[in-house]
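Below: one structure, written as structure tokens.
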Amino acid sequence: MTITTTGEVSTRRRVVDLTLDLAGCTGDVPTLRVVEPSIGSGAFVGPMVRRLAMSGARWESMFDALRGYDLRTEHVMTCRKLAAAILTSAGCPMAVELAAAWFHTGDFLLGDVPTADLAIGDPPCIRVGNLDPALLATYRRKCPTMGGENALP
């Protein structure tokens, strides 16, 4: 695992595959609703989209199968391009539309995230003390179990 100063974690492919296997993302994956809270450069996105493409399910049935979020628009665009390329190579006639439906710029913790069967991926590795105090207070109001340095009493 490689950690960058922006908090992005790059996970090795074999770890991604093992994680997806253990989470049950095998076989009939379009029946699951999977959320990736912090898509980054797509370490989990590529393998998840490949599994969806290889499932044999109808393309139209996949719109709700995956949602991914990131604070950085460039990560969202990278993942949309990656997903569209994988789907196109698998013969999907609506690759761009699926990719656009799946990946969004936004804060997973504060956004309106659809109900999911599974949340999977690597969270950003950012010290709580490095967050803007107002944002940290908002997170703690929304997620009362959030702890760490400078935790509220």
### Task
Just need a number here: residues in the stretch 90-114 that are within 19 Å of A57 (Cα to Cα), of a type in the set (D, E) and open to solvent by less than 40 Å² (accessible area, probe 1.4 Å).
0
### Task
Hey, can you tell me all the residues within the stretch 33-45 that are touching a His at 6+ places or on another chain (Cβ under 9 Å), under 13 Å from R80 (Cα atoms) and in contact (Cβ under 8 Å) with a residue 40 or more places away in the chain?
I39, G40, G42
### Message
I'd like to verify a number: residues in the stretch 13-39 that are at pLDDT below 90, part of a loop (DSSP other than H, G, I, E, B) and under 26 Å from L109 (Cβ atoms), how many?
### Response
4
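Does the stretch 59-68 contain at least one residue that is polar (S, T, N, Q), out of contact with any Gly (no Cβ under 8 Å at 6 or more places or on another chain) and at negative phi?
yes
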### Lone qualifier among M54, M77, M48 - being in contact with a strand residue (DSSP E or B) (Cβ under 9 Å, 6 or more places away or on another chain) and either surrounded by fewer than 21 Cβ atoms within 10 Å (Cβ to Cβ) or free of Cβ contacts under 8 Å to residues at least 12 places away in the same chain (or both)
M77
### Task
Residues that are under 25 Å from T19 (Cα atoms): find the helices (runs of 4 or more DSSP H) completely inside the stretch 47-153 holding 3 or more of those.
73-89, 95-102
### Message
Considering only residues that are at pLDDT below 85, more than 13 Å from G68 (Cβ to Cβ) and among the β-branched types (V, I, T), which ones fall in the stretch 111-142?
### Response
I126, V128
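Per-residue answers, yes or no, for (1) closer than 23 Å to L32 by Cβ; (2) without any contact (Cβ under 8 Å) to a residue 40 or more places away in the chain; (3) open to solvent by 70 Å² or more (accessible area, probe 1.4 Å):
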| site | (1), (2), (3) |
| --- | --- |
| R67 | yes, no, no |
| T88 | yes, yes, yes |
| D122 | yes, no, no |
| I126 | no, no, yes |
| G129 | no, yes, no |
| T138 | no, yes, no |
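The values are calculated or read from the model by the stated rules, or taken from the named source; none is laboratory data. Remember, predicted model here, so these are calculated numbers, not experimental data. Cβ atoms come from the backbone with ideal geometry, glycine included; neighbour counts cover every protein chain shown. Keep in mind that these areas ignore ligands, DNA and RNA; they rest on the heavy atoms of the full protein, side chains included. Shrake-Rupley method; radii C 1.70, N 1.55, O 1.52, S 1.80 Å.
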